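The values are calculated or read from the model by the stated rules, or taken from the named source; none is laboratory data. All of these numbers come straight from a predicted model, not from anything done at the bench. For neighbour counting, all protein chains shown are included, and Cβ atoms are generated from backbone atoms with ideal geometry for every residue, glycine included.
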Amino acid sequence: MTQALQGKNPSFVLRAAGELTYEDRPVPDQPGAYDVLVKPRWTGICGSDVHYWVHGRIGHFIVEAPMVLGHESSGIVAAVGDKVTSVKVGDEVAMEPGVPCRRCVRCKEGKYNLCADMAFAATPPYDGTLARFYTLPEDYCYKLPEGMSLEEGALIEPTAVAVHITRQAAVKPGDSVVVFGAGPVGLLCCAVAKAYGAKKIVTVDINEERVKFALQYAATDSFISARVSAEENGKNLIEQAGLGMGADVIIDATGAEPCIQTAIHALRMGGTYVQGGMGKPDITFPIMAMCTKEINMKGSFRYGPGDYQTAVDLVATKRISVKELVTGKVKFEEAEQAFAEVKAGKGIKLLIEGPAE
Amino acid sequence: MTSPTSQMTNPSAVLYAAGDLRFEDRPAPSLQDPYDVLVKINFVGVCGSDVHFWTHGHINNKRPPPTGLIMGHEASGTILATGSCVTRVAPGDAVAIEPGVPCRRCKSCKDGVYNLCPKMRFCASPPDAHGALTGVYVTAEDFVYKMPEAVGLQEAVLVEPLSVGVHAVRLAGVGPGECVVVMGCGTIGLMCAAVARRFGAGRVVLVDVVEGKLGFARGWIECETFRPEAGRGPEENAERLLEQLGIEGPLGLVGVDTVIEASGAASSIQTAINVLRPGGKYVQTGLGKDKIEFPIVTMSEKELLMRGCFRYSSGDYELAVSFIAKRLIDVKALITSVSPFEETAKAWDLTKNGQGIKNLIRVARLDTRSVL
């Protein structure tokens, strides 16, 4: 392991389910005309990273060869291609980890997050950002404005997820919004919904500590989910949070079946539901309620045009704050430890530092 | 001294200045990247913008460079060669060509409005985006559209103006049952009207000052027509139009659902604002004077939704091809003449003089695939 760490491009690699290691990967070539070579500085860990580690796959994405992990990163520009104009060597950037094909119908209609040929960092077969070097196109690098730290830059990825979810939900000023799940994405959805003018933001979780944090972070109200029927849970939520006829918008950031069911019952007639969280692929769903309440339901997947920039702008203009979500930082050599902590549900967002120079 | 084009390997129609068109043997382009295709140009159509360049030597003060600019942007062709990553077309395929390739990297491109890309390379745009009046043309795979067997290469030229119509109707949000008025009965007006019909418009009304154009429209698609009278103001013309349509009530409180303005004429724009109902929709696709007198209070009090409309973007070409392939819109009927390549200037003059609807130029001598 130490050999790899002394190498030219030490990289944190998942060889197969359960097997983490360090490899000295080849140093990338000089960046192409429109590309940027970045040295990642801080990388956050997400539930999906842990899932690959434990199961070696997510759906039909299977780890068939050793893969560098990491996709929530910020870094420092090390080299730029000759057509690059928006960043220069030394700039600090947030890195958008998924590059689409730019040629298909989805890409050209403005939904590049739905591109069938998306190359996404640390989704097999593409390597991720937990290495000394990472190459990406200029338009997927976002220069951090003055006063924004690299740690905050690493939070832009989950913030962009929250921005995309909030936009899918079309949260508008005056709305009441319920967010199921007070993990990082749920918390960020509360913060972004607030920035989009929601007047009541209800955080829901089974964990009291998380709910407490959410209340002082961005939520205005809270609810602890109980083990009762979804209909009763929904009714209680409406009553306790003072939601009148029901919430205007509910966002699920858990993927948990009881949450999804409760949500449908907690929405008002004509309300909007957005599925952001990922859990069981198939669940029992209250479709009659969804139908008779004429609920507007949407999925939400990663982030699309404008979301990353909006995330940077929201943090830079202090409409939202992400610093307090960073509950731990470890050195590159301690990456596996960080993964173990996230797996154990500790903290909110743990950041892994890039390899030492 | 000009050599006859039959001696040239890649004869191209190059504009230098107003009235100064020369036929030159330009170097044939080659595949630049694995997603490129090489196309033999078969036919090119004439558009008002070609005539503008030909007559005035510029558009918006953008002139051909001293080395000249190959003209033409409404084109059909046959695939000659494909890059290694091309999967959707093969040599020999007949294609309609979308003449503007955007950068794919900027905000507009990624937002799904690539027609607004600041780095758009559009056929026959100064200084150096050469057009399609040439032997061999190179572009990206996703900007050529394979045409079915039954659709000819001449018809394929009409995909371009039909796409303008598709774009306008989509921006206008025309829905089933609507009453749609199209101002201007040139090629674009006709296309907008035909597409509006296919989008389910309950009534489509074409408006023009030239009776002959309206007569053609009535024979071409199911529509109503109206000819405004010269010397009558926009409110009066609007009132008469609504009267003819049987839409009763005071002007300002009643009107049609949607107007697509395809003439660019100030009087037509003013009439359009008056003929719309409160809450109605307006799309400006016609190009005329840059600054006009505009009834802004009427527009504001009626809370009209107004949108600009520029060329075409994501999905428009596909839909246009589909309309032609499924014989839902008969574009062949608009083809009025086909001139040989050497008579390009004559074709431009036909359009300039208001003769015909769509005048074509035959570029390739034979409609067969040739080996490069």
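Miscellaneous remarks
- The stretch A:13-55: number of residues that are buried (at least 19 other Cβ atoms within 10 Å of the Cβ), in a loop (DSSP other than H, G, I, E, B) and under 24 Å from the mean Cα position of the chain (by Cα): 2
- Residue match in the stretch A:311-322 (condition: loosely packed, with under 15 Cβ neighbours inside 10 Å, more than 19 Å from residue A:217 (Cβ to Cβ) and touching a helix residue (DSSP H, G or I) at 6+ places or on another chain (Cβ under 9 Å)): no
- Annotation note: of A:146, A:151, A:157, the sole residue that is charged (D, E, K, R), under 20 Å from residue A:11 (Cβ atoms) and more than 14 Å from chain B (Cβ to nearest Cβ) is A:157.
- Members of the stretch A:105-126 found to be crowded, with 21+ Cβ neighbours inside 10 Å and away from chain B (no Cβ under 13 Å), listed by number: A:121, A:122
- Residue check for residue B:217: under 28 Å from the mean Cα position of the chain (by Cα) and closer than 18 Å to residue B:304 by Cα: no
- Residues of the stretch B:103-135 that are among the β-branched types (Val, Ile, Thr) and crowded, with 20+ Cβ neighbours inside 10 Å: B:134 alone.
- Annotation: of all residues in the stretch B:184-210 being outside any loop (DSSP other than H, G, I, E, B) and more than 19 Å from the chain's Cα centre (by Cα), the one that is surrounded by the most Cβ atoms within 10 Å (Cβ to Cβ) is B:204.
- Flag: residue A:336 matches the condition of being away from chain B (no Cβ under 14 Å), in a helix (DSSP H, G or I) and at pLDDT 95 or above.
- Given (1) closer than 16 Å to residue B:123 by Cα; (2) in contact with a helix residue (DSSP H, G or I) (Cβ under 6 Å, 6 or more places away or on another chain); (3) touching a residue at least 40 places away in the same chain (Cβ under 8 Å), number of the condition residue B:59 does not satisfy: (3)
- Within the option set B:144, B:138, being in the same structural domain as residue B:123 (by TED's automatic domain parsing), closer than 17 Å to residue B:40 by Cα and crowded, with 24+ Cβ neighbours inside 10 Å holds for one residue only, B:144.
- Only listed residue being within 14 Å of chain B (Cβ to nearest Cβ) and either part of a helix (DSSP H, G or I) or closer than 30 Å to residue A:139 by Cβ (or both), chosen from A:310, A:262: A:310
- The single residue among B:109, B:123 that is more than 14 Å from chain A (Cβ to nearest Cβ) and modelled with pLDDT of 95 or more turns out to be B:123.
- In the stretch B:90-105, the count of residues that are closer than 23 Å to residue A:138 by Cβ, in a loop (DSSP other than H, G, I, E, B), within 14 Å of another protein chain (Cβ to nearest Cβ) and aliphatic (A, V, I, L, M) is zero.
- Test: residue in the stretch B:141-162 that is within 14 Å of another protein chain (Cβ to nearest Cβ), of a type outside the set (D, E, K, R) and more than 17 Å from the chain's Cα centre (by Cα): no
- Qualifying residue in the stretch B:58-66 (condition: within 14 Å of another protein chain (Cβ to nearest Cβ), hydrophobic (A, V, I, L, M, F, W, C) and within 26 Å of residue B:171 (Cβ to Cβ)): no
- Any hit, the stretch A:96-104, residues being surrounded by fewer than 20 Cβ atoms within 10 Å (Cβ to Cβ), over 30 Å from residue B:36 (Cα atoms) and touching a residue at least 12 places away in the same chain (Cβ under 8 Å): no
- The residues of the stretch A:127-139 that are of a type outside the set (Asp, Glu) and either within 11 Å of chain B (Cβ to nearest Cβ) or more than 17 Å from the chain's Cα centre (by Cα) (or both), listed by number, are A:131, A:132, A:133, A:134, A:135, A:136, A:137.
- Residue within the stretch B:317-332 that is crowded, with 16+ Cβ neighbours inside 10 Å, among the acidic types (Asp, Glu) and either within 14 Å of chain A (Cβ to nearest Cβ) or over 18 Å from residue B:192 (Cβ atoms) (or both) present: no
- Residue tally, condition within 16 Å of residue A:150 (Cα to Cα) and either within 14 Å of chain B (Cβ to nearest Cβ) or among the hydrophobic types (A, V, I, L, M, F, W, C) (or both), over the stretch A:71-104: 9
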